[in-house]
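Reviewing the structure listed below.
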Amino acid sequence: MEEEPYLEIYLDRCMNQDELASTSSHLFSPIVPYDSYLHTSSNQETIASPLEPSKEPSTDLSSVDLSFLPDELNQENTEQTLTEGKPGVEGNHEIQGAPSRVQSLNEKDSGGICTDDFSLSNSGLNPLSDGNSTLPSPENSSSGFFPLTSMTPLMPVTPVSEGSGIVPQLQNIVSTVNLACKLDLKKIALQAKNAEYNPKRFAAVIMRIREPRTTALIFSSGKMVCTGAKSEELSRLAARKFARVVQKLGFPARFLDFKIQNMVGSCDMRFPIRLESLALTHQQFSSYEPELFPGLIYRMVKPRIVLLIFVSGKVVLTGAKERSEIYEAFENIYPILKGFKKA
Amino acid sequence: MNNTAPSPMSAIATSSSGRGTGKSTSFALELQSMMFSLGDARRPLHETAVLVEDIVHTQLINLLQQAAEVSQLRGARVISAEDLLFLMRKDKKKLKRLLKYMFFRDYKSKIVKGIEEDDLLEDKFSSSSNVNKRQKIAQDFLHSIDQTGELLAMFEDDEIDDIKQERMERAERQTRMMDAAQYAEFCESRQLSFSKKASKFRDWLDCSSMEIKPNVIAMEILAYLAYETVAQLVDLALLVRQDMAPKAGDPFSHAISATFIQYHASAESTAACGIEAQSNAIQPSHIREAIRRYGHKIGPVSPFTSAYRRNGMTFLAC
């Protein structure tokens with residue numbers, strides 16, 4: 001049948017998205033759309049462009065059997081994505097779960113291959129629409145959200161709260177990845193350009209690349225630690241570049257289990273803070289020994305983040321595995337620190 | 001009048017370079033800053049600082065010698081953390097505070113390491129057993145000497161340290177009234193410690209005449225103990241000063257000892273010039289009285305406890 005090759009192509013595309021989605025879905029937060037999603041949505045755009053009749057079938061969809069979904073969800077959906085949510089993350093998930101299926105149908109159709117099927121014939125439509133309705137469901141939770149971000153503004157939106165207005169900037173991301181092959185460190189050190197290897201001091205090769213400016217520790221077991229990137233995508237990109245360098249040196253390097261281990265963010269409250277009072281009032285969470293370290297170490301329980309708070313008002317947040325944790329921690333500490341502002 | 005004197009902090013930078021012209025290193029200026037951060041007036045008296053320096057120095061030298069003896073008993077070549085912990089075993093509260101300090105040091109280096117990328121690599125270079133190194137040493141040692149189990153129970157025990165609490169409250173009260181500039185100065189003073197000036201501290205201690213010398217962690221602990229001694233002195237001196245202030249309706253005013261009144265009288269005479277400023281700063285007389293009271297074993301059993309005191313010196317820090 002004619003739909004077969006299209007179906008295969010569509011499935012391939014879904015599998016690619018799956019690969020990205022499964023690794024980066026944990027990064028997703030409906031509150032803040034990430035730059036990473038710009039890449040994937042732009043991917044979709046590039047795939048969509050060769051297929052011209054992309055905009056029309058959105059109206060043709062009325063012929064598709066969507067009676068299981070109420071009509072207003074279609075419009076509601078667009079409003080929801082534009083008004084970026086508050087910390088009612090679960091609520092958003094719920095609401096967006098259903099219409100995302102519709103949306104995914106819309107977007108995938110406009111993005112792609114299915115539009116041709118629609119224009120083909122109605123008989124071809126139904127099996128494919130069934131395929132569509134079943135296919136997106138496994139990806140529903142993850143790639144189903146991808147199409148939504150193409151409608152959201154391309155600038156990162158600050159989380160809406162009671163006037164915090166400050167967004168912590170990510171300073172460093174530490175990630176690990178498994179190259180899944182034994183490596184000859186001496187060979188790598190000799191042949192690679194920016195590599196140092198001092199087996200007497202430390203049993204790993206230290207490699208640096210300039211773009212993005214990162215450093216990697218590569219161990220003979222094939223495991224690698226990548227530090228210095230300023231965002232999740234950059235960390236992943238850098239890790240891939242390191243893996244490619246190793247690959248080019250002749251090792252069968254793969255890219256397994258990429259995981260972000262730690263994220264560090266910083267921001268400035270722009271007012272001085274009375275650390276003594278904070279240490280006294282929040283004793284169970286704070287440790288303040290100015291003889292040892294000029295900042296107060298605040299151990300937030302939920303989310304589990306460590307904040308270093310300085311007299312000048314600068315705050316460093318560390319220990320996060322996801323960006324949302326940093327934002328959440330900052331939103332939690334902001335009203336507390338405002339209360340201890342040094343007049 | 002004291003307020004017009006240049007800030008001790010700014011003077012430290014200029015004078016420490018000119019130090020060493022025959023006279024051994026002196027921490028008088030740093031001590032003035034430290035005392036300010038611990039609760040003294042904004043410009044602590046120089047005489048008080050000199051006296052405090054003298055006391056701390058003497059106590060530390062004595063402590064070092066006792067630690068050297070313990071070390072010899074052990075048969076070790078250097079004085080290490082274990083020896084100092086052994087000397088402190090009698091006073092659980094102070095020991096607990098020291099342990100908390102050590103753990104905090106480990107914790108802080110762990111966190112800062114995660115933030116600074118260069119530090120991360122540096123740490124990878126050094127042995128990975130650096131994490132919680134001090135904590136491990138402390139725990140292992142206490143485990144070995146603990147006969148009754150009360151030392152190890154300290155680790156689980158989560159009581160609030162009263163003295164630490166009092167110091168925090170005092171600092172909070174002090175900073176409440178400050179404006180931004182004064183507060184910045186206060187914070188700078190608080191950050192000053194003996195461990196920051198490690199090399200100067202080592203020269204000041206002058207261990208060259210000793211056979212057994214302390215290692216790095218032992219020096220850290222000694223710096224901490226020196227700071228603790230200063231803190232204790234200020235605590236006690238403030239208490240004494242509070243006692244000295246004549247309170248109407250104080251039932252014990254008739255029971256004050258003669259020496260006490262003598263101190264009080266001398267304070268009165270010098271108070272003729274600028275009573276306002278003088279009453280704020282801690283006087284050397286307060287310090288001496290505090291030492292006297294601390295060393296003096298008061299109580300019904302005191303005549304019989306002389307065997308308890310080893311060298312005739314009671315340490316403030318342990």
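Look at region A:257-274 and say how many of its residues are more than 10 Å from every other protein chain (Cβ to nearest Cβ), surrounded by fewer than 17 Cβ atoms within 10 Å (Cβ to Cβ) and not in a strand (DSSP E or B).
Qualifying residue count for the region: 1.
In region B:150-194, what count of residues is obtained for those that are loosely packed, with under 14 Cβ neighbours inside 10 Å and of a type in the set (D, E, K, R)?
Residues that pass the stated criteria total 11.
Can you name the residue in region A:179-202 that is touching a strand residue (DSSP E or B) at 6+ places or on another chain (Cβ under 7 Å) and in a loop (DSSP other than H, G, I, E, B) and is also farthest from the other protein chains (Cβ to nearest Cβ) among such residues?
Within region A:179-202, the match that is farthest from the other protein chains (Cβ to nearest Cβ) is A:ALA180.
Quick check: is even one residue across region B:163-171 touching a helix residue (DSSP H, G or I) at 6+ places or on another chain (Cβ under 6 Å) and more than 29 Å from B:GLU69 (Cβ to Cβ)?
yes
Could you list, in sequence order, all residues of region A:275-293 that are facing another protein chain (nearest Cβ under 7 Å) and crowded, with 22+ Cβ neighbours inside 10 Å?
Quick first cut of region A:275-293, residues facing another protein chain (nearest Cβ under 7 Å) only: A:276-277, A:279-280, A:287, A:289-293.
Once the filter is applied, which keeps residues that are facing another protein chain (nearest Cβ under 7 Å) and crowded, with 22+ Cβ neighbours inside 10 Å, region A:275-293 yields A:GLU276, A:ALA279, A:PRO290.
Any chance you could count how many residues in region B:87-113 are part of a loop (DSSP other than H, G, I, E, B) and either within 14 Å of another protein chain (Cβ to nearest Cβ) or within 16 Å of the chain's Cα centre (by Cα) (or both)?
Number satisfying all stated conditions: 2.
Of all residues in region B:206-232, how many are in contact with a Leu (Cβ under 8 Å, 6 or more places away or on another chain) and farther than 14 Å from B:ALA68 by Cα?
Taking region B:206-232 and keeping what is in contact with a Leu (Cβ under 8 Å, 6 or more places away or on another chain), we get B:207, B:210, B:214, B:218, B:221-222, B:224-226, B:228-232.
Now narrow it down to the ones that are farther than 14 Å from B:ALA68 by Cα: B:221, B:224-226, B:228-232.
Count: 9.
In the set A:ALA243, A:ALA253, which member is touching a Phe, Trp or Tyr at 6+ places or on another chain (Cβ under 8 Å) and not in a strand (DSSP E or B)? Explain how you work it out, then say what you get.
Numbers: A:ALA253 fails: touching a Phe, Trp or Tyr at 6+ places or on another chain (Cβ under 8 Å).
Checking each option against the conditions leaves just A:ALA243.
For region A:194-247, name all the residues that are under 19 Å from A:ASN178 (Cα atoms), among the polar types (S, T, N, Q) and either touching a residue at least 24 places away in the same chain (Cβ under 8 Å) or buried (at least 19 other Cβ atoms within 10 Å of the Cβ) (or both).
Correct list: A:THR214, A:THR215, A:SER220, A:SER221, A:THR227, A:SER235.
How many of the residues making up region A:320-339 are surrounded by 21 or more Cβ atoms within 10 Å (Cβ to Cβ) and either modelled with pLDDT under 90 or of a type in the set (Gly, Ala, Ser) (or both)?
Of the residues in region A:320-339, 2 are surrounded by 21 or more Cβ atoms within 10 Å (Cβ to Cβ) and either modelled with pLDDT under 90 or of a type in the set (Gly, Ala, Ser) (or both).
For A:GLY250, only one of the following conditions fails: (1) of a type outside the set (D, E, K, R); (2) away from chain B (no Cβ under 14 Å); (3) crowded, with 21+ Cβ neighbours inside 10 Å. What is its number?
The one condition A:GLY250 does not meet is (3).
Would you please list the contacts, defined by Cβ atoms under 6 Å and residues six or more apart or on different chains, that run from a residue in region B:180-206 that is away from chain A (no Cβ under 11 Å) to a residue that is hydroxyl-bearing (Ser, Thr, Tyr) and outside any helix (DSSP H, G or I)?
Between residues of region B:180-206 that are away from chain A (no Cβ under 11 Å) and residues that are hydroxyl-bearing (Ser, Thr, Tyr) and outside any helix (DSSP H, G or I), the close pairs are B:LYS200/B:THR25; B:ASP203/B:THR25; B:TRP204/B:THR25.
Among the residues of region A:306-322 satisfying the criterion of being β-branched (Val, Ile, Thr) and within 11 Å of chain B (Cβ to nearest Cβ), which is farthest from A:ILE173 (Cα to Cα)? Break it down into steps so the answer makes sense when it comes.
So in region A:306-322, the residues β-branched (Val, Ile, Thr) come out as A:306, A:309, A:311, A:315-316, A:318.
Going one step further and asking which of them are within 11 Å of chain B (Cβ to nearest Cβ), we end up with A:306, A:311, A:316, A:318.
Working: A:VAL306: 15, A:VAL311: 25, A:VAL316: 13, A:THR318: 10 Å.
This residue is A:VAL311.
Touching a helix residue (DSSP H, G or I) at 6+ places or on another chain (Cβ under 7 Å) and in contact (Cβ under 8 Å) with a residue 24 or more places away in the chain: which single residue out of A:LEU317, A:LEU296 fits that description?
Numbers: A:LEU296 fails: in contact (Cβ under 8 Å) with a residue 24 or more places away in the chain.
Exactly one of A:LEU317, A:LEU296 is touching a helix residue (DSSP H, G or I) at 6+ places or on another chain (Cβ under 7 Å) and in contact (Cβ under 8 Å) with a residue 24 or more places away in the chain, namely A:LEU317.
Only one residue in B:SER306, B:SER266 is in contact with a Ser or Thr (Cβ under 7 Å, 6 or more places away or on another chain) and modelled with pLDDT under 65, so which one is that? Lay out the reasoning, then the answer.
On the way: B:SER306 fails: in contact with a Ser or Thr (Cβ under 7 Å, 6 or more places away or on another chain).
Among B:SER306, B:SER266, only B:SER266 is in contact with a Ser or Thr (Cβ under 7 Å, 6 or more places away or on another chain) and modelled with pLDDT under 65.
Provide a single number: the residues in region B:131-179 that are among the aliphatic types (A, V, I, L, M), more than 11 Å from every other protein chain (Cβ to nearest Cβ) and closer than 30 Å to A:PRO272 by Cα. Before the answer, list the steps.
Narrowing region B:131-179 to residues among the aliphatic types (A, V, I, L, M): B:131, B:137-138, B:142, B:145, B:151-154, B:160, B:163, B:168, B:171, B:177-178.
Adding the requirement that they be more than 11 Å from every other protein chain (Cβ to nearest Cβ) leaves B:131, B:137-138, B:142, B:145, B:151-154, B:163.
Among the residues that remain, those that are also closer than 30 Å to A:PRO272 by Cα are: B:163.
Adding up the residues that qualify gives 1.
The values are calculated or read from the model by the stated rules, or taken from the named source; none is laboratory data. Just so it is clear, the model here is predicted, and its values are computed rather than measured. Every residue, glycine as well, gets a Cβ built from its backbone with ideal geometry; the counts of neighbours run over all protein chains shown.
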